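*Asks:* Got a structure for you, questions after.
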Amino acid sequence: MSEVSADTVTLDLLKEAWEEVRTSPLGVINTPMIPWCQTTLPLQTICNIHIKLENLQRTGSFKIRGVANQFAKRPKGGHFVTMSAGNYGKSFAYASKHYGSKGKVVMPETAPLSRSVLIQSFGVEVERVPTSCLMNVVNRCVQEDSMTFLHSYDDLDLIAGHASLGMEVLEVMPDPDVVVVCCGGGGLLAGVAAAIKLSGCDKTRIYGVEPTGG
Ligand SMILES: Cc1ncc(COP(=O)(O)O)c(C=O)c1O
């Protein structure tokens with residue numbers, strides 16, 4: 001896993017990753033950003049909001065952005081392992097097939113079976129384990145089977161790839177007042193925040209939001 005520290009993240013590094021994502025053989029999409037008024041979603045306040053439709057992204061989420069940069073930076077034909085409940089695993093599996101890498105996704109046994117089936121359809125192995133065992137199983141794969149661990153949020157190449165989303169936002173809307181980013185492990189938030197702040201948007205306020213409950 002790459003060491004992630006704020007000093008390592010520079011605008012040049014993010015631009016290089018953006019180019020990698022833009023030209024990736026995985027076909028990452030520059031998704032549309034549409035005004036809120038074009039949606040049917042309710043809105044209580046009057047302000048100029050846009051949403052970026054990453055649900056239209058290849059493999060169904062932004063994860064492919066970071067994965068595109070991770071795979072571009074790793075040796076071809078490696079044997080990789082990750083842990084994921086779904087969206088990262090889907091992008092990882094899609095990239096593994098494309099790059100001809102062997103792959104394994106360690107999934108929590110509570111994840112819907114349909115996700116395992118989809119990931120396996122790309123030729124990637126799935127092992128379903130109790131959530132408390134995820135990291136132990138990954139460690140076993142690394143130590144006993146010499147696989148390389150690709151982290152689903154705490155990895156510099158991944159975060160730099162995710163930053164491409166922030167760069168695309170600034171192309172459409174330079175210097176936004178507020179940017180709201182969904183957050184789990186924080187990989188997307190880190191990438192988007194770095195893209196916006198290192199691009200000089202000093203006044204932009206960035207919020208990470210996560211769902212409450214299970
Ligand atoms: C749709 C969606 N949004 C947000 C997140 C959170 O991403 P991160 O872990 O980079 O914060 C995930 C993570 O799996 C996701 O699948």
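The values are calculated or read from the model by the stated rules, or taken from the named source; none is laboratory data. Here the structure is a predicted model, which means the values were calculated and not measured. Cβ coordinates were reconstructed from backbone atoms using ideal geometry, including for glycine residues, and neighbour counts include every protein chain displayed. Protein only, heavy atoms only, side chains kept; ligands, DNA and RNA dropped before computing areas. Shrake-Rupley method; radii C 1.70, N 1.55, O 1.52, S 1.80 Å.
*Asks:* Could you order the peptides 119-126, 82-89 from most to least packed, using the average number of other C-beta atoms within 10 Å per residue?
*Replies:* Packing order, densest peptide first, comes out as 82-89, 119-126.
*Asks:* Measure out, as a whole number of angstrom, how far apart the alpha-carbon centroids of region 130-157 and region 1-68 sit.
*Replies:* Value for the Cα centre distance between the two parts: 25 Å.
*Asks:* Mind jotting down a quarter of the surface of the convex hull over the alpha carbons of the chain, in square nanometres, one decimal?
*Replies:* 12.6 nm²
*Asks:* Turning to a different aspect of this structure: Computing the accessible area with a 1.4 Å probe over protein heavy atoms, can you report the carbon and sulfur percentage for the chain?
*Replies:* Of all accessible area on the chain, carbon and sulfur atoms account for 54 percent.
*Asks:* Order 104, 203, 63, most accessible first, counting only protein heavy atoms with a 1.4 angstrom probe.
*Replies:* Working: 104 10, 203 180, 63 40 Å².
Descending accessible area places them as 203, 63, 104.
*Asks:* Placing unit charges on C-beta atoms (Lys and Arg positive, Asp and Glu negative, everything else neutral), compute the dipole magnitude of region 75-149 about its Cα centre in debye, rounded to 20.
*Replies:* 240 debye
*Asks:* Once both axes come from the Cα atoms, what is the angle between helix 11-22 and the longest principal axis of the chain, in degrees from 0 to 90, rounded to 10?
*Replies:* Helix 11-22 and the main axis of the chain meet at about 70 degrees.
*Asks:* Hey, can you grab everything whose amide H is under 5 Å from the amide H of residue 179? Only 5+ residues off in sequence or another chain; H modelled, so Pro and N-termini drop out.
*Replies:* 205, 206, 207
*Asks:* If you don't mind, another one. 7 Å from Cα along Cα→Cβ at both residue 23 and residue 131: what's the point-to-point distance in nm?
*Replies:* Between residue 23 and residue 131, the label points sit 4.2 nm apart.
*Asks:* So how do 140, 205, 65 rank on accessible area, 1.4 Å probe, biggest first, that is with the largest at the start?
*Replies:* Per-residue accessible area, sorted high to low, gives 205, 140, 65.
*Asks:* Further question on the same structure: Working from Cα positions, state the angle (0 to 90°, nearest 10) between the long axis of helix 63-73 and the longest principal axis of the chain.
*Replies:* Computed tilt is about 60 degrees.
*Asks:* Which net charge results when you count Lys and Arg as +1 and Asp and Glu as -1 among the other residues whose beta-carbon is under 13 Å from that of residue 178?
*Replies:* In short, 0.
*Asks:* Non-local amide H neighbours of residue 103 (under 5 Å, H modeled in plane, Pro and chain starts lacking H): which ones?
*Replies:* 80, 125
*Asks:* By average Cβ neighbour count within 10 Å, what is the ranking of 191-202, 45-56 from highest down?
*Replies:* My ranking of the peptides, most packed first, is 191-202, 45-56.
*Asks:* Around residue 51, which amide H atoms from residues at least 5 apart in sequence, or from another chain, sit under 5 Å from its own amide H, with H modelled in the peptide plane?
*Replies:* 34, 36
*Asks:* What number comes out for accessible area per residue over region 75-149 if the probe is 1.4 Å? Units Å², please.
*Replies:* For region 75-149, the per-residue accessible area is 49 Å².
*Asks:* If you plug each phi of region 191-196 into the Karplus form 6.51 cos²θ - 1.76 cosθ + 1.60 with θ = phi - 60°, what whole-Hz ³J(HN,Hα) values come out, in order, with x for Gly and Pro?
*Replies:* The phi angles translate into x, 5, 4, 4, 4, 6 Hz.
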